[in-house]
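Asks: The following block contains the structure, expressed as structure tokens.
Just so it is clear, none of the values below were taken in a lab; they were calculated from the coordinates. Treat the numbers as computed from the prediction; the structure is a model and nothing was measured. Cβ sites come from the backbone with ideal geometry, for glycine too, and all protein chains shown count toward neighbours.
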Amino acid sequence: MKTARNPKSVHSPVAPYVHQIEVSNPMRWLTISGQLGMDVDGNVPENPLEQLKLTFQNIKNNLLKANMEIKDNTKLVFYLVGEIDATERKKVISDFLEDHLPCTTMVYVVALAAPQFKVEIDAWACKEA
């Protein structure tokens, strides 16, 4: 079972996320390596927002392969190179998450594995066994 909480003793979330998720009972855990905005043919869009959308699609495809859904996501860690328009970024994130709120961390970095990559996201998910 997953229980999401925002303690009243901690500031309200500043984006679509929740401060904590407690996992109990027998669960299946999935750890997803950092996903990039690259399609199956190795194409990488120049636009960071398009990379973000493609990165989320890659996360979704990983979840589906493990018989999981977006709602099973417990943690996302964003690594971003350069600024991405905050309003547009939040919209893309909200569209992907729908009504689900996982725990999140967002970090701006100087570079990722190759210069064309502007977005990478690590993901964790769990589902009742």
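Asks: Based only on other Cβ atoms within 10 Å, what is the fewest-to-most ordering of D122, D72, D41, D99?
Replies: D41, D99, D122, D72
Asks: For the residues T105, T55, T87, what sequence is obtained by ranking on other C-beta atoms within 10 Å, fewest first?
Replies: The most exposed by this proxy come first: T87, T105, T55.
Asks: Rounded to whole Å and sorted largest first, what semi-axes of the equivalent ellipsoid does the C-alpha gyration tensor of the range 1-64 yield via the square root of 5 times each eigenvalue?
Replies: 30, 18, 7
Asks: Would you work out which of V119, H11, L54 lies farthest towards the positive end of the dipole of the chain, given +1 charges on the beta-carbon of Lys and Arg and -1 on that of Asp and Glu, about the Cα centre?
Replies: The one lying farthest along the dipole's positive direction is H11.
Asks: Follow-up. In whole Hz and in residue order, list the ³J(HN,Hα) couplings for the range 114-124 that follow from phi through the Karplus curve 6.51 cos²θ - 1.76 cosθ + 1.60, θ = phi - 60°; x for Gly and Pro.
Replies: 8, x, 6, 7, 10, 9, 9, 9, 8, 9, 10
Asks: Ok, one more. For the chain, the longest stretch holding no GluC sites (Glu not before Pro) located in a DSSP loop with at most 16 other Cβ atoms within 10 Å is which?
Replies: The longest uninterrupted stretch comes out as 1-45.
Asks: Treating the beta-carbon of each Lys and Arg as +1 and of each Asp and Glu as -1, no other charges, what is the dipole magnitude of the range 2-128 about its Cα centre, to the nearest 20 debye?
Replies: 500
Asks: Restricting the count to DSSP beta bridges whose residues both fall in the chain, what percent are antiparallel, rounded to a multiple of 5?
Replies: 75
Asks: If you don't mind, there's one more thing I want to ask. By its C-alpha gyration tensor, with a ≥ b ≥ c as the square roots of the eigenvalues, how is the range 48-129 shaped: rounded for a/c under 1.5, else prolate for a/b larger than b/c, else oblate?
Replies: Verdict is prolate for the range 48-129.
Asks: May I ask you to sort V107, V44 by Cβ crowding, counting other Cβ atoms within 10 Å and putting the fewest first?
Replies: So the ranking, lowest neighbour count to highest, is V107, V44.
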